[in-house]
């Protein structure tokens with residue numbers, strides 16, 4: 001059973017860090033915000049359904065970008081400021097500390113959705129409605145967990161490389177396409193579909209669209225419950241891989257004594 | 001003559017240091033993947049989005065060409081603007097600022113590689129647009145096309161250098177660099193006409209060189225000669241030069257302010 005106190009504490013600490021210095025959200029939100037805004041501008045007619053589609057998609061892109069950048073950078077930041085060694089020798093597993101941060105990072109990525117929503121309401125003056133708010137928020141919470149798990153994985157993975165900032169840049173935009181959040185994947189060549197299917201939030205996007213009342217664009221329509229089940233299964237796989245990666249990182253760092261090197 | 005020789009030496013060594021430090025942490029092939037991925041995925045995204053949206057004012061070819069040129073922004077604006085921030089981050093900015101060499105020469109020297117990389121990205125993106133999205137270059141005027149790439153890169157580098165001077169004084173130039181990385185997508189008619197913007201935002205398009213770059217690139221691909229796009233080229237040269245001059249003055253101002261406030265180590 002994970003130590004929920006540690007996860008909550010780390011979540012709070014990350015939230016306080018953000019409130020103390022919120023400007024660091026800018027690099028994470030620039031791409032999703034710009035892409036969502038330009039997407040809206042491309043459409044010749046912007047009715048409520050198009051805006052809702054953009055707000056939903058933009059939210060996922062924002063959560064992804066912030067998970068990738070903030071969570072990916074998480075351990076590297078500790079390494080830079082010299083707190084990684086202290087974190088490693090506390091009784092709480094490092095994975096639980098990073099988990100709290102990753103959940104916050106994915107959550108605050110939703111800010112993009114809020115920005116797009118406000119812009120849409122003020123500038124385009126559309127009024128958007130969710131078909132089933134309860135189903136919508138359940139799906140959103142599960143996507144949040146799934147993206148947090150990806151953030152955790154990236155945090156551990158980036159410890160092994162000095163090129164984490166380059167990898168972040170490489171990974172950010174392709175997911176905008178393969179996630180299906182904005183562009184239906186059936187526009188992509190079919191050989192690329194398996195990439196989308198193994199990216200958990202792809203199924204979450206479909207569930208969100210169903211709950212919001214937007215027509216589903218998935219080439220494999222499995223319904224709301226089916227989407228969530230697949231999302232759960234993929235997240236469980238991510239979690240297992242992440243746990244293994246943290247174990248490997250822990251062992252390797254102790255053997256090589258290179259934890260503080262960057 | 002001695003001054004020119006000294007400046008050339010500084011540019012050469014700053015450029016060499018920039019290259020060595022870049023490839024010390026990142027293998028060249030990974031850096032290349034990064035550079036190409038950003039430009040190409042951006043193009044794929046907006047071309048697909050234009051297909052999804054249906055009856056848009058811009059054709060797939062226009063969108064692909066616009067994004068191919070916009071790809072230069074990563075190297076000329078983001079990378080150039082990040083230079084002072086990178087120095088700050090690695091603790092070398094005070095050393096560079098206190099060396100007898102002029103700071104602007106060091107920054108320009110460090111930008112040279114990024115400028116060349118920017119032009120290369122545009123060429124790769126144009127090739128991709130032709131191969132994947134079927135953009136036709138049958139009518140292209142090669143001289144006009146080369147001039148557009150060259151002048152746009154110069155003007156956007158002027159923009160990047162102007163922004164980078166602020167990074168000397170601000171806590172981090174990364175924030176600024178990130179903010180302006182995708183500015184062309186919104187203001188420069190890359191994916192939708194400038195006229196679709198609210199009227200109070202359109203003056204911003206008029207001062208951004210990319211607006212003229214995108215317009216003249218599309219004309220060059222349709223066969224326009226250099227004289228036909230001369231107005232765009234002259235405007236870009238003028239804007240780029242003004243931005244360089246403003247950047248130079250701002251650099252001196254912010255360098256002085258940073259010394260007074262002792263903020264050149266703060267990030």
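The values are calculated or read from the model by the stated rules, or taken from the named source; none is laboratory data. Note that this is a predicted model, so its numbers are computed, not measured. All Cβ positions, glycine included, derive from the backbone under ideal geometry; neighbour counts span all protein chains shown.
What number goes with the only condition from (1) surrounded by 15 or more Cβ atoms within 10 Å (Cβ to Cβ); (2) in a helix (DSSP H, G or I); (3) within 13 Å of another protein chain (Cβ to nearest Cβ); (4) more than 17 Å from the chain's Cα centre (by Cα) that residue A:217 does not pass?
(2)
Within the stretch A:1-78, which helices (runs of 4 or more DSSP H) (wholly inside it) include 1 or more residues that are within 19 Å of the chain's Cα centre (by Cα), facing another protein chain (nearest Cβ under 10 Å) and more than 18 Å from residue A:177 (Cα to Cα)?
A:25-42
Out of all the residues in the stretch B:27-45, which are crowded, with 21+ Cβ neighbours inside 10 Å and more than 7 Å from every other protein chain (Cβ to nearest Cβ)?
Scanning the stretch B:27-45 gives B:35, B:39, B:40, B:43.
Go over the candidates A:257, A:226 one by one and state the one that is over 15 Å from the mean Cα position of the chain (by Cα) and at pLDDT 90 or above.
The conditions single out A:226.
Only one residue in B:154, B:159, B:128, B:192 is within 24 Å of residue B:44 (Cα to Cα), in contact (Cβ under 8 Å) with a residue 24 or more places away in the chain and more than 9 Å from chain A (Cβ to nearest Cβ). Which one?
Of B:154, B:159, B:128, B:192, the one residue that is within 24 Å of residue B:44 (Cα to Cα), in contact (Cβ under 8 Å) with a residue 24 or more places away in the chain and more than 9 Å from chain A (Cβ to nearest Cβ) is B:128.
Can you name every one of the helices (runs of 4 or more DSSP H) wholly within the stretch A:80-133 that holds 2 or more residues which are at pLDDT below 85, under 30 Å from residue A:246 (Cβ atoms) and over 23 Å from the mean Cα position of the chain (by Cα)?
Once the helices (runs of 4 or more DSSP H) in the stretch A:80-133 are filtered for at least 2 residues that are at pLDDT below 85, under 30 Å from residue A:246 (Cβ atoms) and over 23 Å from the mean Cα position of the chain (by Cα), what remains is A:84-89.
Scanning the stretch A:227-247 for residues that are in contact with a helix residue (DSSP H, G or I) (Cβ under 8 Å, 6 or more places away or on another chain) and more than 30 Å from residue A:89 (Cα to Cα), which turns out surrounded by the fewest Cβ atoms within 10 Å (Cβ to Cβ)?
A:232
Condition test on residue A:253, is it closer than 30 Å to residue A:79 by Cα and assigned to a helix (DSSP H, G or I)?
yes
Do we have any residue at all in the stretch B:71-91 that's modelled with pLDDT under 85, more than 24 Å from the chain's Cα centre (by Cα) and more than 10 Å from chain A (Cβ to nearest Cβ)?
Yes: the stretch B:71-91 contains one or more residues that are modelled with pLDDT under 85, more than 24 Å from the chain's Cα centre (by Cα) and more than 10 Å from chain A (Cβ to nearest Cβ).
Working only within the stretch A:157-193, note down all residues that are within 13 Å of residue B:45 (Cβ to Cβ), facing chain B (nearest Cβ under 10 Å), in contact (Cβ under 8 Å) with a residue 60 or more places away in the chain and not in a helix (DSSP H, G or I).
Selection gives A:182 alone.
Go through the stretch B:207-245 and count every residue that is in a helix (DSSP H, G or I) and surrounded by 15 or more Cβ atoms within 10 Å (Cβ to Cβ).
25
What do you reckon, is residue B:129 part of a loop (DSSP other than H, G, I, E, B) and more than 23 Å from residue B:180 (Cα to Cα)?
The answer is no for residue B:129.
What residue, among those in the stretch B:53-65 that are buried (at least 18 other Cβ atoms within 10 Å of the Cβ) and at the interface with another protein chain (Cβ under 7 Å from one of its Cβ atoms), is nearest to residue A:185 (Cα to Cα)?
Result: B:53.
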